[in-house]
Each structure stands twice: as structure tokens, then as C-alpha cells.
1. Would you say I79 is among the hydrophobic types (A, V, I, L, M, F, W, C) and either open to solvent by 70 Å² or more (accessible area, probe 1.4 Å) or out of contact with any strand residue (DSSP E or B) (no Cβ under 6 Å at 6 or more places or on another chain) (or both)?
2. Take the conditions among the polar types (S, T, N, Q), part of a loop (DSSP other than H, G, I, E, B) and open to solvent by 50 Å² or more (accessible area, probe 1.4 Å) and apply them to Q44. Does it pass?
3. Please specify each residue of the range 50-73 satisfying the condition of being closer than 17 Å to E6 by Cβ and surrounded by fewer than 13 Cβ atoms within 10 Å (Cβ to Cβ).
4. Please name all residue pairs, on different chains or six or more residues apart, with Cβ atoms under 6 Å, provided the first residue is in the range 41-67 and is under 16 Å from C22 (Cα atoms) and the second residue is among the charged types (D, E, K, R).
5. Which of the residues belonging to the range 1-24 are open to solvent by 50 Å² or more (accessible area, probe 1.4 Å), part of a strand (DSSP E or B) and farther than 16 Å from L100 by Cα?
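The values are calculated or read from the model by the stated rules, or taken from the named source; none is laboratory data. None of these values were measured; they are calculated from a predicted model. As a convention, Cβ positions derive from the backbone with ideal geometry for all residues, glycine included, and neighbour counts pool all protein chains shown. To get the accessible areas, we keep the full protein, side chains included, count just its heavy atoms, and leave off ligands, DNA and RNA. Shrake-Rupley method; radii C 1.70, N 1.55, O 1.52, S 1.80 Å.
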Amino acid sequence: QVQLVESGGGLVQPGGSLRLSCAASGSIFSIYVMGWYRQAPGKQRELVAAITRGGNTNYADSVKGRFTISRDGAKNTVILQMNSLKPEDTAVYYCNAQNLHDYWGQGTQVTVSS
């Protein structure tokens, strides 16, 4: 199976930046897509950004132009660079990986507030 560990969340002021990291371990060679989801209080969990094993990316309309998803050289870590953060970006961010199954990290809190 696959284990996912997120890091990089925290408190930031509007307009600031954060860099989230998701490190995958276990049966990582079977993963064909990884992504970041977020869930705010009272909201449904939503896709923020995803990247395939081939490097194709997809973003939610609300984050296009502000967030960037990428892989490191080893392809076992996925990065979400978040710039120009807004209060509405406040949520718990979850890393996701897929092969024949879905795997989830524990989540990391991102709070954008003055």
C-alpha cells in the first residue's frame, strides 16, 4: 500500500505564500496520479490540483494562476506552491494518490488570515 505524509501548512496573511509537500512511500511505482484536495468547514472536499505520472496537470478554477503543482526529481514527492493566498483558501489540505485504490494523507491545516 501507499503512505502519504503532508507538510508545510500553517498560518499566513492574505497575499502570502505557502509550500505544501506530500511524500509518498510504499508501493509508489503503481501510482498514476497524485493531487491535492481541500476541505473547509461546512464545505465538500474539492480537488485543488492534480498531476499525472506523465506530468499533465489540472487545477480548480479558483486557484488557476496562483497555485502550481509539481513533482520533485525522484517522483515520490509532490509539491503545491500556493501564492497570492486568500482567506477563502483556508482549509485542511489533503494529499491524494491513486492506483487501483485511493490513498489519503492525514491533512495539513492552511489558514489565511490577518
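1. no
2. Taking the combined requirement at face value, the residue satisfies it.
3. D72
4. Short answer, once both residue conditions are applied: V48/R38.
5. Scanning the range 1-24 gives V5, S7, L11, R19.
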